[in-house]
Amino acid sequence: MGTGVLFRVCAKGSGPGRDKFGKTFPSERVQPRGVFAGWVALWLASLLLAPLTPRADSEPAGVAAAPLGDWYVLIHYRDSEASADAPLQWDDEIWRIEVEGAGLRWTLFPHPKFRDGSGRWETLPGGDEARSLGAWKPNGEQRKEIAAGLDYALQDERSKRLKSAGKEAWASPGQPRIASASGVGYHERWRIEAGEPGLRFSRRASMASGRAVGMEAGTRFEVRESLRQGSERRGEYNRDGERQGEFQMFLMGGRGQGRP
């Protein structure tokens, strides 16, 4: 059958109630405008009934209370066994606190690098350098370095992801894992939480085994004072009761670079 014949057969079968291929239409046809209006109504209803979910790129709840950014942290402390008139000692590190997914990431760089090392180090009789004694504080030029963003050594870097642990609180999950009775498990739990009068930072380490009683040790930083619209904070420092003193944290204006 030629193409023209096929067309004529199809054309003969068409007419009221049939299409050009001879298929019968439904007895009542829905107008295109009615179909479109129906779909719009269903779409609007689905928007109203659907549960509200946060956008993937939105900040997690309570993050406004988190001290986001890179911070230079200076600690002045005295050993618990030292006499009351013993000179203070100092330590410092950089904290990086940033949003990651629905929580935070807290990274520690324990070896900040200053271009101006005045007062930080002293030369021993043998020629070696050692950290200076006393309550070292940054001078004017060093404060400018902090404000611009300090570089840091990459060795001994540590980092934890913190999940929401209540209103304006975040903590790293997990616990020590012990593979066997003779094995030893080690775990650190880090936590940041808002409170009165200020933020509290803690890092608690625990060690356990199947044959021995577990051991724990912790370090706490409790903010007591906030200055310069929160860009500088001061508070109490306690390392498991063995080291006690004060700390200051300064928000750095830029992010430094990691160096070997």
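A few points about this structure:
- Residues 188, 193, sorted so that the one with the fewest Cβ neighbours within 10 Å comes first: 188, 193
- Radius 10 Å from Cβ of residue 80, net charge of other residues (Lys, Arg +1; Asp, Glu -1): -1
Any read-out appearing in this document is the output of simple, stated calculations on the displayed coordinates, not a laboratory observation. The structure displayed is predicted, hence computed values, not measured ones. Note: ideal-geometry Cβ built from the backbone for every residue, glycine included; neighbour counts use all protein chains shown.
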